[in-house]
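Notes follow once the structure below has been shown.
FYI, it's all coordinate maths here, none of it is from the lab. Only a predicted model underlies this, so the values are computations on that prediction, with no experimental measurement involved. Note that each Cβ is placed from the backbone with ideal geometry, even for glycine, and that neighbours are counted across all protein chains shown.
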Amino acid sequence: MTNTSSSGEMVYVEHKKDINGFPKVILREVRGCSAEVYLHGAQVTSWKNEHGEELLFLSSKAIFKPPKAIRGGIPICFPQFGNHGSLEQHGFARNRTWTVDPDPPPFATISHNKAFIDLILKPSEEDAKIWPHRYEFRLRITLGPGGDLMLTSRIRNTNIDGKSFTFTFAYHTYFSVTDISEVRVEGLETLDYLDNLKNKERVTEQGDAITFESEVDKTYLSTPTKIAIIDHERKRTFVLRKDGLPDAVVWNPWDKKAKAIPDFGDDEYKHMLCVEAACVETPITLKPADNLTHKWYSKAVKVQLSGCISCTGLYCSLDLVLSVNSCQNIFCWRAESSLPELSI
Ligand code: TA6
């Protein structure tokens, strides 16, 4: 389903309002893929393939009323993941209304993608009371011509008092699956994880692909940059690629917890799985940025990524690329690892 203007041109980016009047953006690509982003939380709430099939889970009980976070899609957890700190669960970025970024700094690599939107979050007076830092959080969401969904967060410390700040982070992605008991996750075998159901006890995962038969809430540490979610029933494989985010959280509330979550249907746990590109174990520390604007940005992307976590910490970018294909054997998604480098 392509969307053309009155002059017959393809409309890659459409600004709309939902039935409650809340602003959202629709991204479309020529092959018929699409994505939907709410300015509330800068949250992707839909990602469809060229057949119009929904790839992300969105609860039938999701509440679209700010400041409540929307249950499903891809909430952004910032500046705190989960209860790793004194702020509200998963921080406040998902509860804030973002704005369209009028002047996004250039990226290091030129991209020919057309279906993208740049959003920005800046601290409010309220936020400064609970998290006393000045920052700019820029997020680019891109739908690639092949249907890949790419999210790049660029976070900058604009404190004028010379103070650094530290944060944890996650793209809290809800994947739509046919039957959770028929799903496998590959790429996390033999890794250490923090079990959030056992007071963050550190455990080592067994050797096989991960399957699901009960509640799971695990933070895998220092994972590979690529993880696959294989939905056997639908012969579908999601490949998640991440950059700048060493950890990955895997969550399914199962039956009992599902009943306890007000904006989540009792049986919906059967059709979703969260696999979240995250930075939890070693928080990111950013020093106040200097004023090298454009040059700073383009150079920074390359250099800073490694610098920011270890010492210099001026600026960082956190990338997530989601792609999906219709094969489901191990060789296929591993073959995908020969995909070209990230160009947002
Ligand atoms: O990412 C997993 C997790 O931290 C779980 O512990 C569970 O609480 C889930 O997030 C959902 O959190 P929310 O605050 O959206 O209800």
_Counting other beta carbons within 10 Å of each residue's own, what order do HIS232, HIS172, HIS15 fall into, fewest first?_
HIS15, HIS232, HIS172
_Need one number: the % of Cα-Cα pairs in region 209-277 sitting beyond the 16 Å mark._
53
*asked:* How would region 196-249 be classified by its alpha-carbon gyration tensor: rounded, prolate or oblate, with rounded meaning a/c under 1.5 and the a/b versus b/c comparison settling the rest?
replied: oblate
*How large is ³J(HN,Hα), in whole Hz, for each residue of region 72-77 in order, when computed from phi with the Karplus curve 6.51 cos²θ - 1.76 cosθ + 1.60 and θ = phi - 60°, using x for Gly and Pro?*
x, x, 10, x, 9, 9
*Given the C-alpha centroids of region 9-63 and region 133-203, what is the distance between them in whole angstrom?*
20
_Residues with amide H under 5 Å from that of HIS232, placed H, sequence gap 5 or more_ = ARG184
*Each residue of region 139-153 in order: what ³J(HN,Hα) in whole Hz does its phi give by Karplus 6.51 cos²θ - 1.76 cosθ + 1.60, θ = phi - 60°, with x for Gly and Pro?*
10, 9, 10, 10, 9, x, x, x, x, 4, 10, 10, 10, 10, 9
_For ALA115, distant residues with modelled amide H under 5 Å away_ = LEU143
*asked:* More than 21 angstrom separation, counting every C-alpha pair in region 151-275; what % is that?
replied: 45
*Out of every Cα pair in region 79-167, what percent are spaced more than 21 Å from each other?*
40
_I need the phi-derived Karplus couplings for region 204-215: 6.51 cos²θ - 1.76 cosθ + 1.60, θ = phi - 60°, integer Hz, Gly and Pro marked x._
9, 6, 6, x, 8, 4, 7, 10, 10, 9, 6, 4
*asked:* Over 24 Å between Cα atoms: which of LYS16/LYS122; LYS68/LYS287; LYS235/LYS270 fall into that group?
replied: LYS68/LYS287
*Under 12 Å Cα-Cα from LYS242, which aspartates and glutamates qualify once same-chain neighbours fewer than 8 residues away are excluded?*
GLU276, ASP319, GLU341
_Built amide H within the under 5 Å cut-off of VAL177, gap 5+_ = MET272, LEU273
*Taking neighbour Cβ counts within 10 Å as the exposure measure, how do TYR269, TYR12 sort from fewest upward?*
TYR12, TYR269
